[in-house]
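Structure first, then comments.
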Amino acid sequence: MMKLWWTASLLWLLLFGATAIFIGVRKVDGSGLEQTPELRLAAFIVLGVAFVFILLCQLVFLYFARKRKSVSAH
């Protein structure tokens, strides 16, 4: 169970890192708008909110996985 958690955590971290790099280097977004610092900041904020949501889900999963592991050990 913990191996799955570590694998999922690593996958999410790589995904968010790649997305942050993509947002940082792109000149034009999907709608054709030139990326200004304000638009780039808004995109980073949206990415950050998504990251926090996924992080909270991962921590809840970790809590229950550890709780299950300690219960099965007894």
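Observations on the model:
- Most mobile listed residue (17, 30, 48) in the chain, GNM with C-alpha springs under 10 Å: 30
- Both numbers refer to the Cα atoms of the chain; Rg and Dmax are 17.3, 59 Å.
- Residues 70, 9 in ascending order of nearby Cβ atoms (within 10 Å, fewest first): 70, 9.
- Between helix 37-73 and the chain: long-axis angle, C-alpha atoms, 0 to 90°, nearest 10: 10
- Length-normalised contact order for the chain - Cα pairs under 8 Å, 6+ apart - percent: 41
- In the chain, the longest principal axis of the Cα atoms and the axis of helix 2-25 are about 10 degrees apart.
- Chain lengthening between residue 20 and residue 60 when straightened (0.36 nm per residue, less Cα-Cα): 12.0 nm
The numbers here are math on the coordinates, done by the rules we state, and not lab data. Nothing here was measured: the structure is a model prediction, and the numbers come from that model. Because the Cβ atoms are built from the backbone with ideal geometry, glycine has one as well, and the counts that use them run over all protein chains shown.
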